[in-house]
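Enquirer: Next up is a structure, given as structure tokens.
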Amino acid sequence: YVRASKQDTHEAPDLFTAVAVVILSELCFTLYSNATDLMNLLGHIYKVVAYFFFYRAVFVHCVHEPFRRLQAEIEEHSRTGKALADSERYNRLLFEMSPIGLVLSRPDGTIVDINSAYARILGREVEETKALSIAAITAPEYAEQDRQQLSSLAATGHYEPCEKEYLHKDGHRVPVRLQ
């Protein structure tokens with residue numbers, strides 16, 4: 001009982017009670033003198049009570065246990081989801097408020113996300129810039145350098161720092177350093 005209680009099993013008290021009641025019933029059965037004796041009746045009543053506690057310990061707790069675990073998982077998932085949402089809001093705020101231009105793009109050059117500082121570098125609005133590709137805003141003579149950077153990224157997982165020029169909306173070139 002002590003070991004089961006330390007393991008936080010919910011059926012331990014019911015099993016302990018069932019065993020104690022079975023002992024009482026067996027004690028009553030040893031004390032009766034004929035079949036209609038009060039001790040014989042008490043022994044049978046105690047047996048019924050013991051079976052009730054066995055039923056609770058074995059059946060009811062076994063049926064409830066998966067639901068108890070599921071509820072614990074749901075609560076954990078909820079806590080994790082809230083922490084993830086808080087982290088996402090925090091990272092989004094850092095991304096948006098950064099004075100450094102930040103861009104998230106796919107290997108094919110499609111722009112996924114940018115911050116307002118990046119759009120300002122190009123003299124455009126955020127949504128307008130998201131509709132473009134990296135190739136569309138990069139000066140043509142840097143196309144080979146971009147291909148080399150992407151192949152290096154695919155091979156090593158690293159994008160080496162480089163310098164190139166972007167094309168501003170009004171046509172002039174903007175020197176940038178990428179990392």
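Quick note: the coordinates plus some simple rules give every number you see, no bench work behind them. This structure is a prediction, so every number in the text was calculated from the model and none was measured. Glycine also receives a Cβ, built like all others from the backbone with ideal geometry; neighbour counts cover every protein chain displayed.
Enquirer: For segment 82-148, run through the trypsin sites (Lys or Arg not before Pro) and keep only the ones in DSSP coil with at most 12 other Cβ atoms within 10 Å of their Cβ. Write out the running numbers ahead of the final one.
Expert: On the way: sites: Lys82, Arg89, Arg92, Arg120, Arg124, Lys130, Arg147; in loops: Arg124.
Here no trypsin sites (Lys or Arg not before Pro) fit, given the DSSP loop and packing criteria.
Enquirer: Another question, if that's okay. Could you give each residue of segment 114-121 its phi-based ³J(HN,Hα) in whole Hz, using Karplus coefficients 6.51, -1.76, 1.60 with θ = phi - 60°, and x for Gly or Pro?
Expert: 9, 9, 5, 5, 5, 5, 5, 4
Enquirer: About its Cα centre, what dipole magnitude does the chain give when the only charges are +1 on Lys and Arg Cβ and -1 on Asp and Glu Cβ, stated in debye to the nearest 20?
Expert: Rounded to the nearest 20 debye, it is 260 debye.
Enquirer: How large is ³J(HN,Hα), in whole Hz, for each residue of segment 89-101 in order, when computed from phi with the Karplus curve 6.51 cos²θ - 1.76 cosθ + 1.60 and θ = phi - 60°, using x for Gly and Pro?
Expert: Working through the residues one at a time gives 4, 4, 5, 4, 5, 4, 4, 5, 8, 5, x, 8, x Hz.
Enquirer: What is the distance in Å between the Cα centres of segment 122-168 and segment 16-68?
Expert: For segment 122-168 versus segment 16-68, the Cα centre distance is 78 Å.
Enquirer: Once both axes come from the Cα atoms, what is the angle between helix 12-31 and the longest principal axis of the chain, in degrees from 0 to 90, rounded to 10?
Expert: 10
Enquirer: With n ≥ 4 as the cut-off for DSSP H runs, can you work out [θ] at 222 nm for the chain, using -39500 (n - 2.57) per run divided by the number of residues, rounded to the nearest 500?
Expert: The per-residue figure over the chain is -19500 deg cm²/dmol.
Enquirer: With no solvent and one point per C-alpha, what does the Debye sum give as log10 I(q)/I(0) for segment 88-179 at q = 0.17, 0.20, 0.23 Å⁻¹?
Expert: Debye intensities relative to I(0), on a log10 scale: -0.75, -1.03, -1.31.
Enquirer: Let me ask another. Applying the Karplus parametrisation 6.51 cos²θ - 1.76 cosθ + 1.60 with θ = phi - 60° to the phi angles of segment 139-153, what ³J(HN,Hα) value in whole Hz is obtained for each residue in order, glycine and proline being reported as x?
Expert: Along segment 139-153, the couplings run 4, x, 5, 9, 4, 5, 4, 5, 4, 5, 4, 5, 5, 5, 4 Hz.
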